[in-house]
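Please treat every number below as a calculation from the coordinates, not as lab data. Just so it is clear, the model here is predicted, and its values are computed rather than measured. Positions of Cβ are generated from backbone atoms using ideal geometry, with glycine treated the same way; all protein chains shown enter the neighbour counts.
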Amino acid sequence: MTQSVFITGNSGGLGYGLTAEYLSRGYEVYGLSRRGCTGIDTKALHDVRCDLSRASAIVPALESLLGEVSRLNLVFLNAGVLGDIRDITETPLADILRVMDINVWANKIILDWLHARELGIEQIVLISSGAAVKSHKGWGAYSLSKATLNMLSQLYAPEYPDTHLCALAPGLVDTAMQDHLCNPDEVDVDRYPSVQKLRAARGTDRMPTPQAAAQRLAQVIPKLKDHPSGSFVDVRTMNAAP
Ligand SMILES: NC(=O)c1ccc[n+]([C@@H]2O[C@H](COP(=O)([O-])OP(=O)(O)OC[C@H]3O[C@@H](n4cnc5c(N)ncnc54)[C@H](OP(=O)(O)O)[C@@H]3O)[C@@H](O)[C@H]2O)c1
């Protein structure tokens, strides 16, 4: 029987890499993003456009994309935004709320919809970040959102008894998110020294392409089940005992 995966944020970056990876593994892929997943021509790819910052648009998009689907094997709640890198004291609440809407609350709406549908999902992976558990100057809105996402995974796990949930930090990936962080005109390294490490990693195997990162993630997804459902796992430390 053909396996199926639902991936949010699959128009670019890691989500696009995951889309290509799971198509190459013979999956039916269902994707959601604002721009749409272009450049891959196959009937196995099903795509809907949706702005996850508009809460009222999410359920209609899910109905249109997944309304006729009776079973999903795997879900990646991957769509995410970084927000501006700036001091937390200078970050307007509206900016934090915008990041939270996309990185957290959109996922709550999706998790509730999937739960009601009883699609027999085996695994749900919420794409988190090392920033969820480690604070760096300037990353306030993003860190808050990913820390809350980790808690969302813990909170939903017991209410999804037949599905394994995991908040997963994918490690550094060379995507548009890094374009912003690694641009000296956009982020001042003297003020926000943590970006220095990212700039040094770019172009090395410490920051793989989205395709390479997706390949590695797809390999470790089954091993996430070694950890209790609801856990936060960092792919870079996955060999450590759970
Ligand atoms: N890159 C890294 O080093 C890194 C490290 C740790 C964690 N992560 C996490 O990995 C995930 C993917 O990030 P990435 O690096 O691949 O970023 P990216 O290249 O910027 O891609 C983000 C994806 O999210 C979608 N998205 C953003 N806002 C959206 C909205 N309002 N509605 C619908 N879709 C939206 C984008 O699609 P549209 O623009 O078409 O809407 C795009 O497909 C994120 O959750 C990120 O926090 C990344």
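Which value, in debye to the nearest 20, gives the size of the charge dipole of segment 173-219 about its Cα centre, when Lys and Arg are +1 and Asp and Glu are -1 at the Cβ?
260
Taking θ = phi - 60°, what integer Hz values does the Karplus form 6.51 cos²θ - 1.76 cosθ + 1.60 yield along segment 59-72, in sequence order, with x for Gly and Pro?
4, x, 5, 5, 4, 5, 7, 10, x, 9, 7, 9, 8, 10
Under the rule of at least 5 residues apart or a separate chain, name every residue whose amide H is placed under 5 Å from the amide H of Ser128.
Hits under the 5 Å cutoff: Leu168, Ala169.
Once the Cα atoms of helix 210-220 and of the chain are each reduced to a long axis, what angle between those two axes, in degrees from 0 to 90 to the nearest 10, is obtained?
Helix 210-220 sits at roughly 60 degrees to that axis.
Picking from Leu149, Leu14, Leu119, which is most flexible by a Gaussian network model of the chain using Cα springs under 10 Å?
Leu119
Compute the orientation-averaged projected area for the chain from the convex hull of its Cα atoms and round it to one decimal in nm².
About 12.9 nm², averaged over all directions.
Given a Förster radius of 25 Å and the C-beta distance between Ala94 and Glu186 as r, what FRET efficiency does 1/(1 + (r/R0)^6) yield to the nearest 0.05? Mind dumping the intermediate values first?
On the way: r = 20 Å, r/R0 = 0.80.
The formula returns an efficiency of 0.80 here.
Counting pairs of Cα atoms in segment 152-204, how many percent are more than 19 Å apart?
So the portion of pairs separated by more than 19 Å is 48 percent.
For a quick check: with amide H placed at 1.01 Å from N, whose amide H comes under 5 Å from Val48's, ignoring anything fewer than 5 positions away on the same chain?
Close amide H contacts, sequence-distant or interchain: Gly31, Leu32, Ser33.
What lysines does Lys197 reach when the alpha-carbon gap must be under 28 Å and sequence neighbours fewer than 8 apart in one chain are set aside?
Qualifying lysines at Cα under 28 Å: Lys134, Lys137, Lys146.
In degrees, nearest 10, range 0 to 90: what is the angle between the Cα axis of helix 140-156 and the longest Cα principal axis of the chain?
Here the helix axis deviates by roughly 30 degrees.
Could you give the angle, 0 to 90 degrees to the nearest 10, between helix 13-24's Cα long axis and the longest principal axis of the Cα atoms of the chain?
Value to nearest ten degrees: 30.
Rounded to the nearest 20 debye, what is the charge dipole size of the chain about its Cα centre when +1 sits on each Lys and Arg Cβ and -1 on each Asp and Glu Cβ?
Result for the chain is approximately 400 debye, rounded to the nearest 20.
Could you work out the Kirkwood radius for segment 1-104, taking every pair of different alpha carbons, averaging 1/r and inverting it, reported in Å? Present the calculation step by step, with values, prior to reporting the outcome.
Details: mean 1/r = 0.0683 Å⁻¹.
Its Kirkwood hydrodynamic radius stands at 14.6 Å.
Relative to the Cα centre, what is the charge dipole magnitude of segment 58-97, using +1 at the beta carbon of each Lys and Arg, -1 at the beta carbon of each Asp and Glu, and rounding to the nearest 20 debye? Before the final figure, lay out the partial values.
Details: 2 positive and 6 negative charges, 50 e Å.
The dipole magnitude comes to about 240 debye.
Which distance in Å, rounded to a whole number, links the C-alpha centroids of segment 1-44 and segment 131-149?
27
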